[in-house]
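The values are calculated or read from the model by the stated rules, or taken from the named source; none is laboratory data. These figures come from a predicted structure and were not determined experimentally. In this analysis, Cβ positions are derived from the backbone assuming ideal geometry, glycine residues included, and neighbour counts consider all displayed protein chains. Side chains included, ligands, DNA and RNA excluded: accessible areas come from the protein's heavy atoms. Shrake-Rupley method; radii C 1.70, N 1.55, O 1.52, S 1.80 Å.
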Amino acid sequence: AAVDAILEAAGTRASIAPPAWVDDPYVPFYKVAALPAEARMAEQRRNTERAFELREWWLREMLATASPLTERMTLFWHNHFATGQQKVRSGQLLYRQNVLLRREALGNFGALLREVSRDPAMLIYLDNAGSRRQAPNENFAREVMELFTLGEGRYTERDIQEAARAFTGWSIDRDTGEYRYRPFIHDGGVKTVLGRTGRLGGEEVLEILLARPETAAFVTRKLWREFVSPSPDEREVDRLAGIFRDARYAVKPLLRAMFLSEAFWSGENRGALIKSPVDLVVGTLHTFGIRPLDLRPAVTASALLGQNLFAPPNVKGWPGGEAWINSATLLGRKQLIDRVFRGSDAMAEAPPNGAAAGAREATPQARLRRMMDRGLATYALDWDRFTREMGDGPGRAEGLVRLVLAVPPVEPPAKGLPGPELVRQLVADPAFQLR
């Protein structure tokens, strides 16, 4: 019943209004490049500021949404169909893609694949906007097979070359930023992709990819790593992929089967996943009812911990898993938690002095520390309100543990601790890094 309720509540639109500029006219890059140097730099600064505003808006939606699963799946598809501001250079196009990902977040993978393949941000990011029959660009053709559908090693270089010819002409209007098919630069010749021969266009190539059983298994495997464990059970993947194919790539039947599987509820898979920076930041604020007016510090913290929304590291997106944890980010995670749950005490240490200290201040950890000192001062937990909501009684401590941690704490806290101290110990426990 819980699974069905969560799936039925899934939305398709954000509940928070986006920044007003998303409806401004699109400014093409060629016009920006033609500006005088000072005006060009001003436009670049404006684009950078808009990217920050877009990240703040999305984090606010994650906190406010009535369907957290919708936002988690929107983030999943953002990582699956990775695009980044560094190359797209347009907040409007990134926003439009985000709207698309949310609309089909729990809709239909086939429909999402077709629309993303025509999405202007994707066409720019993977260089297909300028692909023409005289010089087909292979980037999109390669990634649509390797990263979006089949997975690595399930195609040949010849398949990529032929598919690239099929996608020629899938472009954008350079003045409006809208998708535009340009038949005069499309290669209409005979092609062979994965054993099928004909005058194939991009739509036919996508149909070929969706018809392959490897596609359903590839997407299912990635969703397993998102929701169940880092190591998929291949027998279960085959079963779930069959459900996915039978549902003609509808996402909800796949998620329902996955959420009701024994593996999902297995004790050995509980707490088996490491929280991403967005998980950690948004999850902490949500769990403890912290609603700061300014989310820019949260955006910055997530970025410095390794997950900068709308700017994945490359076409493969964020690798996730154990890659979230290293010597630098682990310290940053600890500083973030300390700042929220210990207030100004956490930053009371004197700043380092000397040349060596100055070098240390330039590190990501030092930048995170300074940012927390300034911006996270308003993120402190309202202990009185939180205590009232939790109530009191013999079961309070157990309730707090179950609320805060996915698994029992590595270092069980002493009995009889006051509520604030108990919470501080729980969030400082290594188990708080898991979901």
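Assuming a ≥ b ≥ c are the square roots of the Cα gyration tensor eigenvalues, decide whether the chain counts as rounded (a/c under 1.5), prolate (otherwise, with a/b larger than b/c) or oblate.
It is oblate, given that a/c is not under 1.5 and a/b is not larger than b/c.
Amide H of Arg196: which non-local residues (sequence gap of 5 or more, or other chain) have their own amide H closer than 5 Å, using H built in the peptide plane?
For Arg196, no residues qualify.
Decide, for the stretch 1-92, between rounded, prolate and oblate: order the square roots of the alpha carbon gyration tensor eigenvalues as a ≥ b ≥ c, take rounded if a/c falls under 1.5, and otherwise choose prolate if a/b is larger than b/c, else oblate. Walk me through the numbers before you get to the answer.
Values: a/c = 3.46, a/b = 2.62, b/c = 1.32.
Prolate, since a/c reaches 1.5 and a/b exceeds b/c.
Report, by chain and number, residues whose modeled amide H sits under 5 Å from the one on Asn108, excluding near sequence neighbours (fewer than 5 apart, same chain).
Val251
Semi-axes of the equivalent ellipsoid of the stretch 267-344: what are they in whole Å, largest first, if each equals the square root of 5 times a C-alpha gyration tensor eigenvalue? Show your work: numbers first, answer last.
On the way: eigenvalues 86, 56, 32 Å².
Semi-axes (√(5λ), whole Å): 21, 17, 13.
Between Ala39, Ala241, Ala323, which gets the highest mean-square fluctuation from a Gaussian network model of the chain, Cα cutoff 10 Å?
Between Ala39, Ala241, Ala323, it is Ala39 that shows the largest mean-square fluctuation.
Just going by the charge dipole of the chain, with Lys and Arg at +1 and Asp and Glu at -1 on Cβ, which of Leu309, Leu7, Ala163 is farthest out on the positive end?
Ranked along the dipole, the leading option is Ala163.
Which whole-number value in Å² is the accessible area per residue of the chain, probe 1.4 Å?
Values: 20360 Å² over 435 residues.
Result: 47 Å² per residue.
May I ask for the angle, rounded to the nearest 10°, between helix 419-428 and the longest principal axis of the chain, with both axes built from Cα atoms and the value confined to 0 to 90°?
Tilt of helix 419-428: around 40 degrees.
Determine the order of Glu207, Glu214 by accessible area, beginning with the largest, at a probe radius of 1.4 Å.
Listed by decreasing accessible area, they come as Glu207, Glu214.
On the protein heavy atoms, probe 1.4 angstrom, tell me the percent of accessible surface of the chain carried by carbon and sulfur. All intermediate terms of the calculation are to be shown ahead of the outcome.
Working: 10750 of 20360 Å².
Of all accessible area on the chain, carbon and sulfur atoms account for 53 percent.
Over the chain, what is the relative contact order in percent, taking alpha-carbon pairs closer than 8 angstrom and at least six residues apart? If you can, show how the numbers build up before the last one.
Details: 577 pairs, mean separation 62.2, N = 435.
Averaging sequence separation for qualifying contacts and normalising by length gives 14 percent for the chain.
Can you give me the long-range amide H partners of Arg180? Hydrogens built in the peptide plane at 1.01 Å from N, cutoff under 5 Å, separation of 5 or more residues or another chain.
Ser171, Ile172, Asp173
Order of 415-427, 242-254, 83-95 by packing, highest average Cβ count within 10 Å first?
83-95, 242-254, 415-427
Just grab the label-to-label distance for Asp246 and Arg158, each label 7 Å out from Cα along the Cβ direction, in nm (one decimal).
Placing both labels 7 Å beyond Cα along the Cβ direction yields 3.6 nm.
Just how many pairs of Lys in the chain have C-alpha atoms closer than 26 Å, counting pairs that are eight or more places apart or on different chains?
Final tally of qualifying lysine pairs is 11.
With N denoting the number of residues in the stretch 144-298, provide Rg(C-alpha) divided by 2.2 N^0.38 Å, to two decimal places. Intermediate results must be reported in sequence, preceding the final value.
Working: Rg = 20.7 Å, N = 155, 2.2 N^0.38 = 15.0 Å.
It is 1.38.
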